[in-house]
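For reference, the structure is listed below as structure tokens.
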Amino acid sequence: MSNERLFGRTLRGLAAAAALAATALPATAGGTLDAIKERGVIKVGVGTTPGFFSPDSEGKWQGFFIDYGRALSIAVFNEDGKVEFTNSSPQQRLPALQAGEFDILLSGVTVTINRAFNLGFHFGPTVFYDGQGILARKELGVTTATELDGAVIGVQSGTTGELNIADFFRKSGHEFTPVTIEDTSEFIAALESGRVDAITQDSSDLVGKLQQLKNPDDYVLLPERLSKEPLAPAIKAGDDQWLEIVNWTVYATIQAEEWGITSANVDEFLKSEDPAIQRFLGVDPSLAEAIGFKPDWAYKIIKTVGNYGEIYDRHLTPLGWERGYNDIWTNGGLLYSPPFR
């Protein structure tokens, strides 16, 4: 067979495959974006952990996840103020999202297969790689979790932590007494009063709680991580359009860091001759127009909230968090953006 005939047959085959894929996998639009625009605000469910999400003295929400809510507002409305944050407990947040009370959860939700398949949620990119830890009273004299045999440990109801801690002690051949605590604000009181010997949550939560204890030096965060806890934005299943807006808003902050684009130097990058950066920042508006965004959507996100590293350094570095897995892939971390093209 000649090269021309082979090339023609290959093109026809690819076209047929593409047509079949388009027929078999139609994009669904669940109307979330239309509802948001009609309402004029994005409804976001959050938690209350310093550094990640917490109101300041004037009631204004601040934190790592809060900045992603602001970034979404820019993507949708081209300004960062059209977002409403509401505190929702771990027990309430997923049912509230399913009921339509929120458009998205930015509350440190762990991605799990059960939540995806059986509970009907979609997840955006992982924005924080976490793991469940244990914060113990230092007077116990323990240095590892395996030394907590027989301890009384506070666990958060309605989270993956209940199963994780039970699995850990079962595998290690030790025993513990769980005390279920529903209100996250009670964790500190339970630990300080001696009601429990230790508490277990995602280590991100424990670092925040350590800052809230009256005498932080009286407690120790044990080195073990009992689980993988990839934290990601969560939305109700059935709306591909809204999911992709969430996805690429997150990816924009990661890609900007990889390119070295910051809130301070983004205007200089408008002069870049790199066609990929021109498309990303809207100097060349073709990409944004093709996906229905304003040409400068990514530029405004970076100019307003910064790249991923800036968001991290602003809210989490002061708490003692090191980047680790939460660094971009070129620095040995796990953060990686697909190409903007």
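Normalising by the residue count of the chain, find the relative contact order in percent from Cα pairs under 8 Å and 6+ residues apart. Before the final figure, lay out the partial values.
On the way: 563 pairs, mean separation 72.4, N = 341.
For the chain, the relative contact order is 21 percent.
At 15 angstrom or more along the helix axis (alpha-carbon based) and mean Kyte-Doolittle of 0.5 or higher, what helices does the chain contain? Whole DSSP H runs only. The answer, listed by residue number, is 64-77.
Evaluated on region 132-227, the Kirkwood hydrodynamic radius is 13.0 Å, with distances taken between all distinct Cα atoms. Remark: region 232-341 is approximated by an ellipsoid whose semi-axes, taken from the C-alpha gyration tensor as √(5λ), come to 23, 19, 12 Å, largest first.
Taking other Cβ within 10 Å of each residue's Cβ, how do 172, 88, 204, 193 sort, fewest first?
Working: 172 14, 88 21, 204 24, 193 9.
Arranged by neighbour count, lowest to highest, 172, 88, 204, 193 become 193, 172, 88, 204.
Relative intensity of the chain on a log10 scale, I(q)/I(0) at q = 0.11 Å⁻¹, equals -0.79, per a Debye sum over C-alpha point scatterers of equal strength in the absence of solvent. Counted without the sites themselves, the longest stretch of the chain free of GluC sites (Glu not before Pro) in a DSSP loop having at most 10 other beta carbon atoms within 10 Å is 59-272. What are the residues whose amide H is under 5 Å from the amide H of residue 307, where those residues sit 5 or more places off or on another chain and H is modelled from the backbone? Placed amide hydrogens put 263 under 5 Å from residue 307.
Between residue 147 and residue 334, the simple label model (points 7 Å from Cα in the Cβ direction) yields a spacing of 2.8 nm. How big, in percent, is the set of alpha carbon pairs in region 56-170 lying more than 26 Å apart? When all Cα pairs of region 56-170 are counted, 37 percent exceed 26 Å.
When the helices of the chain are scored as -39500 (n - 2.57) per DSSP H run of n ≥ 4 and the total is divided over every residue, the value at 222 nm lands at -12000 deg cm²/dmol. When each of 146, 200, 262 is scored by the number of other beta-carbon atoms lying within 10 Å, the sequence from fewest to most is 146, 262, 200. Here's the list of aspartates and glutamates a cross-link from residue 271 could span, going by alpha-carbon distance under 18 Å and ignoring same-chain residues fewer than 8 apart: 257, 258, 284, 296.
Taking each of 171/209; 236/303; 37/294 in turn, the alpha-carbon distance tops 20 angstrom for 171/209; 236/303.
Label-to-label distance, residue 304 versus residue 225, with points set 7 angstrom from Cα along the beta-carbon direction: 3.2 nm.
Where a number appears in this text, it was derived from the coordinates with a stated rule and is not lab data. All values reported here derive from a predicted model rather than from experimental measurement. Neighbour counts are summed over all protein chains in view; Cβ atoms, including those assigned to glycine, are modelled from backbone coordinates with ideal geometry.
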